[in-house]
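Trainee: Could you have a look at this structure, given as structure tokens, before my questions?
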Amino acid sequence: MHLKMHLKVLPFHKMLHVLAWLEGTWITDEPGNGTFPHSKAFTYYDQINITSIGQPMYNYIAQSWHPESGVPMHRETGFLQILPTSNTVILSLIDNIGLFTVEEGALSDDNKSFDIRSSNVLATSASPAPFSSMTQVRSIITENNLFN
């Protein structure tokens, strides 16, 4: 006998209230620019989905595609959280090219932006090149605020 269980989405977790403005789907208006040590510069469109199921962290899924052909390029999934009793924001990710990254930073005093940098990078054997550190700039522009 097979029992079907359904995911129960819990109420929004109190730890995330300070980051509530992030929840939703973010899609680039203009192509982004990227580089890796093993490739030439490239452009891409990006869609980021930030969702809550009631846990003290957001689920984070990003996917990018080529701006002219629409061909899928990069995917990453992970979690975004803020540490209790602090303003430290952590983004933990795994991607489709064999990288695990942890990015950390501080939420601004007005709770409207944060700057995160890689604090830990692990490359698997599937990764095209070894990485010891990585810098990514993530910007979300809204009418009232800019998130870097």
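The values are calculated or read from the model by the stated rules, or taken from the named source; none is laboratory data. Since we're looking at a predicted model, the values are computed, not measured. Cβ sites come from the backbone with ideal geometry, for glycine too, and all protein chains shown count toward neighbours.
Trainee: What number of residues in segment 41-88 are hydrophobic (A, V, I, L, M, F, W, C) and over 30 Å from residue 6 (Cα atoms)? Before you say what the answer is, go through the steps one by one.
Mentor: Step one: list which residues in segment 41-88 are hydrophobic (A, V, I, L, M, F, W, C), which gives 41-42, 48, 50, 53, 57, 61-62, 65, 71, 73, 79-80, 82-83.
Add one more test, that the residue is over 30 Å from residue 6 (Cα atoms), and what stays is 41-42, 65, 71, 73.
Residues in segment 41-88 being hydrophobic (A, V, I, L, M, F, W, C) and over 30 Å from residue 6 (Cα atoms): 5 in total.
Trainee: Return the pairs, sorted by first residue and then second, in which the second residue is at pLDDT 95 or above, the first residue lies in segment 46-68 and is among the charged types (D, E, K, R), the beta carbons are less than 7 Å apart, and the residues are 6+ apart or on different chains.
Mentor: So the pair list comes out as 46/62; 46/64.
Trainee: Quick one: is residue 101 at pLDDT 85 or above, of a type outside the set (D, E, K, R), assigned to a strand (DSSP E or B) and closer than 30 Å to residue 14 by Cα? Full working, then the answer.
Mentor: Numbers: at pLDDT 85 or above: yes; of a type outside the set (D, E, K, R): yes; assigned to a strand (DSSP E or B): yes; closer than 30 Å to residue 14 by Cα: yes.
For residue 101, the condition - at pLDDT 85 or above, of a type outside the set (D, E, K, R), assigned to a strand (DSSP E or B) and closer than 30 Å to residue 14 by Cα - is met.
Trainee: For segment 69-86, what are the residues that are farther than 20 Å from residue 97 by Cβ and either free of Cβ contacts under 8 Å to residues at least 24 places away in the same chain or basic (Lys, Arg) (or both)?
Mentor: Residues satisfying the conditions are 83, 85, 86.
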